[in-house]
Amino acid sequence: MSAVIASAVIFVLVALIAASSLRILREYQRGVVFQLGRFWRVKGPGLVVLIPGIQQMVRIDLRTVVMDVPSQDVISRDNVTLKVNAVLYFRVVDPQKAVIQVENFMAATSQLAQTTLRAVLGKHNLDEMLSERERLNLDLQKILDSQTDAWGIKVTNVEIKHVDLNESMIRAIARQAEAERERRAKVIHAEGELQAAEKLAQAAAILAQQPQAIQLRYLETLTVIAADKNSTIVFPLPMDIVAPLLDALKRSGPGAA
């Protein structure tokens, strides 16, 4: 009876040891294995067998992590205070470095993203933050990627989500935009006046070379005016038209030979 109990105890111990030595890693996971405290190798995915008490394993997820960077107080180069938040996309490409080179790569990446966001945006004007967001995103991505490379992390993308301004600054920007629209409208109107003056000068030069064209233009204007039957218009006749008629009347009068 005692032999059966001993066998059962041994079987249970062996089962527990076997269960504690087996690990199953999914396709997107890797295991950083340490043997007696020293790095041994990166294993996975699939079944991983460990020596109990001698080997330990740290699981690392290789999928892309989407991290929300909290809103940061930023002072732009033109001394405008605003709040900016962003979203960070990164993944672990070297599990060994992610475990050995940094204590907590998630917290370290988050803190680095916050400080980098303040430092980079503080070098730009407010107009650049609002109109050149793609370039700023690329600058942030390059800086973060170069700094996290020693941790075995690849920063794939950084996107600035919101740039929040206080009410007084929003009103100031609205006034500036309205003034800019008025300036453009005046410039366009002045350019139109200039082009019209140039065309009128060209037309006057052509009409001055051809006096008959002036008379034709006059007759055309009379035709346009005559089309409006609701108005009574008195207009003078040009002497160029009236003089030949007067000469003909004088020749055909009583005193004509």
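Return the long-range amide H neighbours of Ala86 (sequence gap of 5 or more, or a different chain), with a cut-off of under 5 Å between placed amide H atoms.
Placed amide hydrogens put Val69, Lys161 under 5 Å from Ala86.
Within 9 Å, Cβ to Cβ, of Ala86, how many net charges do the neighbouring residues add up to if Lys/Arg are +1 and Asp/Glu are -1?
Local charge sum for Ala86: -1.
Starting from the amide H of Asn157, placed 1.01 Å from N in the peptide plane, find each other amide H under 5 Å away whose residue is 5 or more places distant or on another chain.
Tyr89
Could you give each residue of the stretch 89-102 its phi-based ³J(HN,Hα) in whole Hz, using Karplus coefficients 6.51, -1.76, 1.60 with θ = phi - 60°, and x for Gly or Pro?
3J(HN,Hα) across the stretch 89-102, in whole Hz: 10, 8, 8, 7, 10, 9, x, 4, 5, 4, 8, 8, 7, 9.
At 0.36 nm per residue, minus the direct Cα-Cα distance, what do Leu165 and Val187 gain on full extension? Give it in nm, one decimal, please.
The Leu165-Val187 span can extend by a further 4.9 nm.
Subtract the Cα-Cα distance of Leu200 and Ile17 from 0.36 nm times their separation in residues, and report this length gain in nm to one decimal.
Working it through step by step, the gained length comes to 55.7 nm.
Values quoted throughout were computed directly from the atomic coordinates according to the rules given, and no laboratory measurement underlies them. Bear in mind that the values here come from a model prediction, so they are computed numbers and not experimental data. Don't worry about glycine lacking a Cβ; one is built from the backbone with ideal geometry, like all the others, and counts go over all protein chains shown.
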